[in-house]
Amino acid sequence: MDDAPAFRSSPWMVREIVEQAEPDDERVWVPQGDQIWFRPLLLDTVTGVVANLLRVRRGGNLGKHIHNAPVYGYVIKGAWRYLEHDWVARAGMFVYEPPGEVHTLVVDHASEAEEMITYFVVHGGLTKIGEDGATIGYENAFTKIALCDAHYRRAGLGPDFIRTVVR
Ligand SMILES: [Fe+2]
């Protein structure tokens, strides 16, 4: 039909991302702490959304923090828990963390699984909380970009590698 609306992509759109989520190259995992790594999938500079795979092995503890906006998680492998809750997230489970949620993600030394991998979509930033309850730092899409970029350059993947996941 000649008068059918012409649906087409706009030249103003940012580029799509189609990447192997769990990489073959270990260097793509960005170290975030003792026994903790993440693989960035989308670092969105406009909405602030961070989509990533989080990998934590036995003994890993992300540190207490509070989220300003919702977090959605899907556990791909293993098991983990929050010190503040009495449930365990296991492979195949979906986790919703509402804005205002305060928690400390751990994979205990006694955990049933050696490592966990969870796909997290984190909206907004998070604020890190110290032992005494005081603010000790923050994370957002921009701190993630800086951390990843520094790691990828050090790891020999070059200055352009971070661009595969930044929009
Ligand atoms: Fe969190």
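Can you tell me which condition Pro99 does not meet? The list is (1) free of Cβ contacts under 8 Å to residues at least 40 places away in the same chain; (2) more than 15 Å from the ligand (Cβ to nearest atom); (3) not acidic (Asp, Glu), and all the others hold.
Status for Pro99: all satisfied but (2).
With Thr104, Thr135, Thr127, Thr118 as the choices, which residue is loosely packed, with under 14 Cβ neighbours inside 10 Å and of a type in the set (S, T, N, Q)?
Numbers: Thr104 fails: loosely packed, with under 14 Cβ neighbours inside 10 Å; Thr127 fails: loosely packed, with under 14 Cβ neighbours inside 10 Å; Thr118 fails: loosely packed, with under 14 Cβ neighbours inside 10 Å.
Selected residue: Thr135, the only one of Thr104, Thr135, Thr127, Thr118 that is loosely packed, with under 14 Cβ neighbours inside 10 Å and of a type in the set (S, T, N, Q).
Determine which member of the set Phe94, Phe120 is more than 13 Å from the ligand (Cβ to nearest atom) and not small (Gly, Ala, Ser). Steps first, please.
Details: Phe120 fails: more than 13 Å from the ligand (Cβ to nearest atom).
Being more than 13 Å from the ligand (Cβ to nearest atom) and not small (Gly, Ala, Ser) holds for just one of Phe94, Phe120, which is Phe94.
Identify, by number, the condition in (1) loosely packed, with under 10 Cβ neighbours inside 10 Å; (2) in a strand (DSSP E or B) that Pro5 doesn't meet.
It is condition (2) that Pro5 fails.
Bear in mind that the values in this text are calculations on the coordinates, not laboratory data. Values in this document were obtained by computation on a predicted structure and should not be read as measured data. When we count neighbours, we look across all protein chains shown, and the Cβ atoms used for this are built from the backbone with ideal geometry, even at glycine.
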